[in-house]
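Quick notes on the structure that follows.
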Amino acid sequence: MKYVIMFSTTPELDAAASPEHLEQAYGRTYDWFGTHGEVMTESGAQLQPVATATTVRHGSDGPVVADGPFSEAREVIGGFQVIDVPDLDAAIAIVKTWPLLELPGVAVEIRPIVTY
């Protein structure tokens, strides 16, 4: 089954972490992708900072374009990856090993992909 895993952070909490700790944690992410490469599909990407986002949303006179994300949340999606694993338990097991989960404000959302 295919799932999208979305990596989110809370920018102000990222800013509070020491540069050394961030460097170590981010360094381990390369190993993580290598370890789990067999379940990764060709889809996935790290995203540019949230300040570069543009949102198109519903407006009373048609679509409205706005700078930034259209979200009330404090966390931002920093990247995503598609994985192909047998079931949700397998997806959870992989995500639990995401190195950046040791940082405050980091989360990984798992969503099944709709297939027909």
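What follows draws every value from the coordinates through simple rules; no lab data is involved. A quick note: this is a predicted structure, and the numbers were derived from the prediction, not measured. Positions of Cβ are generated from backbone atoms using ideal geometry, with glycine treated the same way; all protein chains shown enter the neighbour counts.
Can you sort TYR3, TYR30 by how many other beta carbons sit within 10 Å, fewest first? Don't skip to the answer; put the middle values down first.
Numbers: TYR3 23, TYR30 10.
Lowest to highest Cβ neighbour count: TYR30, TYR3.
Set the Förster distance to 22 Å, then compute FRET efficiency between GLU75 and GLN46 from the Cβ-Cβ distance, nearest 0.05. Don't skip to the end; give the middle numbers.
Details: r = 16 Å, r/R0 = 0.71.
Efficiency, rounded to the nearest 0.05: 0.90.
Normalised by the number of residues in the chain, what is the relative contact order in percent for Cα pairs under 8 Å and 6+ residues apart? Don't jump to the answer; show the numbers that get you there.
Values: 170 pairs, mean separation 59.4, N = 116.
Relative contact order for the chain comes out at 51 percent.
About its Cα centre, how strong a charge dipole does the chain have in debye, to the nearest 20, once Lys and Arg get +1 and Asp and Glu get -1 at the Cβ? Spell out each step's value before the answer.
On the way: 6 positive and 16 negative charges, 40 e Å.
Value, rounded to 20: 200 debye.
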